[in-house]
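So the structure is just underneath, and the comments pick up after that.
No lab work stands behind these numbers, since they all come straight from the coordinates. The structure displayed is predicted, hence computed values, not measured ones. FYI the Cβ positions are ideal-geometry reconstructions off the backbone, even for glycines, and counts take in every protein chain you see.
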Amino acid sequence: MTIQGKKIILATFAVVAFFALYETAKTLLFPRMGVVTSHFITTIVVGIITVFIARYVVRQQMHLLHEREESNQRLRDALTKSGRDENLLRSIVASVAEGLVITGRDSNVLLINDAARTLLHLGQRPVVRLTDISRDPHVHRAFAKVLASGERDETRIEVRGGPAQEKRILRLHAAPLRLHDGQLDGVVGAFIDISKLEMLERVRQEFLSNVSHELRTPLAAITAYTETLLDGGLDDHDNSLRFLHTIHRNAERMRALVSDISELSAIESGAVSLRLERLPLNQLVNDVFSGLLPRASQLGVSLKNQIAEDLYVSADRRRLEQILVNLVDNAIKFNRPGGHVTVNACAADDQHLITVRDTGPGIPPESLPRVFERFYRVDKARSREAGGTGLGLAIVKHLARAHGGEAYVTSEVGAGSEFSIKLPQRTLAGLTELPSAVSETSYAAKL
Ligand code: ADP
């Protein structure tokens, strides 16, 4: 309970006690007093007491108002003092990235910077009271708590605004503002945008749980088959060979996963430096095809290179190869017997667009925006069966971006998918001649 509240309760008790004493004394001292005289005297006494109480209350309120006005004036003076100090203070407040709001002890807003207006979606509308800034009770509670306790407080709030009504998560740090003699003059509220931080934390947690889930399955298989072999399974030659193959396959899956994870984290953290070269794209695609030909043959898929022989792109050889291997490998895996994978490229504006098209089952429209996410799979069973880690396209996207480009996908269910990589053309002379003649190298699958 506040000191003011306690004072009111005490005063009420005092008034009740006074009247009890007064009535008892009157009856004892003047037992024969007439009713009219008694009421008259009581009215006079009540009147006098009321006047005293009213004077006391009015004085208290005046004192309080005066104190507030003084502290507001101090704050206003401090915030609007003319000369260099004012400019310095205004420029500091305007330049900080955090949204700053300063209120007086009456919760009137004395200062708000542009960052706060942006973060709280206030535009340029006038702000007088704290309620003009936000109606969120957490904000009001934090400011009130600081005023009541003189201690710092912090809270998390969500605001929506803008044309898309997007959600923004803010952390509010409210701190007491003391200008003279440690007296509390107001509250400084700092609003910090933590939307990205929270999103990253969520992504990190999701990633960790995905990684442990992905590792658990092959690890469980390796443990189970090894135990069986140790428990006498080695004596059965045929089965033990089968078990060893399974162990090897699962160990291979774990190796691929660990290698993709470290690769992805290196690219994401910017630890990968690119050595840009002028590369003959047709030849690079042929090299990629050679490596993947056995797999394509096994699945009955033919590979077509439709890139002009004189087309050069500016890229890091190893990284562009990695992009192409991932895309062509997917196009082979997610295809049908007798199907095709076609790689093409064209130059538009200041970019090169490399496309990898397949004749597979395609990707449903609702999955298209998600295929570049880490561990996202349209058909989980098919991907795992094909030995996929679920990280290939995430690596492709990050490598394309590391080159200053982007990765895209379009697809038609039942007809196939087309993955494209946009690479900026570097300005080195002669680096990016346009294709003059299209040559097609076909790799017919050895069925
Ligand atoms: P994975 O290791 O599973 O291939 P990716 O990141 O390379 O992981 O691909 C993610 C998912 O996107 C795949 O599991 C698959 O469902 C889908 N996908 C990728 N490429 C194709 C494609 N060419 N055709 C159909 N689906 C594809």
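Brief remarks on what is shown
- Report note on the peptides 298-306, 145-153: ranked by the mean count of other C-beta atoms within 10 Å, highest first, their order is 298-306, 145-153.
- Ordering of 167-175, 226-234 by burial proxy (mean other Cβ atoms within 10 Å per residue, highest first): 167-175, 226-234
- Members of Lys196/Lys304; Lys304/Lys380; Lys145/Lys196 lying beyond 32 Å, as alpha-carbon distances in this model show: Lys196/Lys304
- Applying the Karplus relation 6.51 cos²θ - 1.76 cosθ + 1.60 with θ = phi - 60° to the range 356-362 yields 3J(HN,Hα) values of 10, 10, 10, 10, x, x, x Hz, where x marks Gly and Pro.
- Qualifying lysines (Cα of each under 16 Å from Cα of Lys397; at least 8 residues distant if same chain): Lys422
- 3J(HN,Hα) from dihedral phi, the range 98-105, Karplus parametrisation 6.51/-1.76/1.60, rounded to Hz, x for glycine, proline: 6, x, 10, 9, 10, 10, x, 6
- Of the DSSP H helices in the chain, those with a Cα length along their own long axis of 20 Å or more and a mean Kyte-Doolittle hydropathy reaching -1.0 comprise 3-29, 35-80, 195-230, 237-268, 281-299, 317-333.
- Taking the centroid of alpha carbons for each part, the range 362-377 and the range 38-65 are 77 Å apart.
- Residue-averaged 222 nm ellipticity for the chain, from DSSP H runs of 4+ at -39500 (n - 2.57), nearest 500: -17500 deg cm²/dmol
- Estimated vicinal HN-Hα couplings, Hz - the range 170-176 in sequence order (Karplus 6.51, -1.76, 1.60; Gly, Pro = x): 10, 10, 9, 9, 9, 9, x
- Cα gyration tensor category, rounded, prolate or oblate, for the range 94-201 with a/c compared to 1.5: prolate
- Viscosity 0.692 mPa s, temperature 37 °C, Stokes-Einstein D of the chain from Kirkwood C-alpha radius, µm²/s: 111 µm²/s
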